[in-house]
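After the structure tokens below, expect a handful of questions from me.
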Amino acid sequence: MSEGKRSRRKLRPFLAIAGFVILAAVGYFGYAVVGSHLEQSRVARTFQPVAAEVVSSALRTVSAGTGVNKPVSYRVDVQYRYTVDGREYRSRRYAFMGAGITDYAEAKRLAGKYPAGKHITAFYDPEQPAEAVLYRDPPGLPVGVMIFPFALFGLVGLIILVYGLRGRPER
């Protein structure tokens, strides 16, 4: 047996361990990310519509870029009030995730939809009525798009694991 084959054989247990660690990490983080998305989607469907009134509306700069490749992002800051079971609540939450908007025209258009005094529909959590949003759609990307990178890294981990356990067939 040549020296190269012996050194590769010594490396196989480490490759098997590395492959297992990659698979375990991909499984853990994949479950956490996809599971969290599915849970947020389930919770979003439980929020109930309620009549609300806009108290104030403004367009805020979230982060100012300092370089050529760092765009400014904006956040629509809408304060609204609504009543559940005779108790008034106020919220500033637009959506489940508070990501900024990089397109100024789009952010301005969105802020313009909520002038003070306008009657709107908000969505509140029946278990915690103080929690409300104006945009109820679940956050994030489609599950299939989120699974793809995990599947890709999982495949790499599986190949490393199998190679570490079996190696290449002898010729």
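Could you say which residue among ALA44, ALA24 is part of a helix (DSSP H, G or I) and under 30 Å from ILE159 (Cα atoms)? Break it down into steps so the answer makes sense when it comes.
Details: ALA44 fails: under 30 Å from ILE159 (Cα atoms).
Checking each option against the conditions leaves just ALA24.
Would you be able to say whether some residue in segment 14-36 is modelled with pLDDT of 80 or more, among the small types (Gly, Ala, Ser) and touching a Lys or Arg at 6+ places or on another chain (Cβ under 7 Å)?
No; the residues of segment 14-36 include none that is modelled with pLDDT of 80 or more, among the small types (Gly, Ala, Ser) and touching a Lys or Arg at 6+ places or on another chain (Cβ under 7 Å).
Within segment 116-139, is even one residue touching a Lys or Arg at 6+ places or on another chain (Cβ under 7 Å), closer than 27 Å to ALA32 by Cα, small (Gly, Ala, Ser) and at pLDDT 85 or above?
Yes, segment 116-139 contains at least one residue that is touching a Lys or Arg at 6+ places or on another chain (Cβ under 7 Å), closer than 27 Å to ALA32 by Cα, small (Gly, Ala, Ser) and at pLDDT 85 or above.
The values are calculated or read from the model by the stated rules, or taken from the named source; none is laboratory data. Just so you know, these numbers come straight off a predicted model, no measurement behind them. Every residue, glycine as well, gets a Cβ built from its backbone with ideal geometry; the counts of neighbours run over all protein chains shown.
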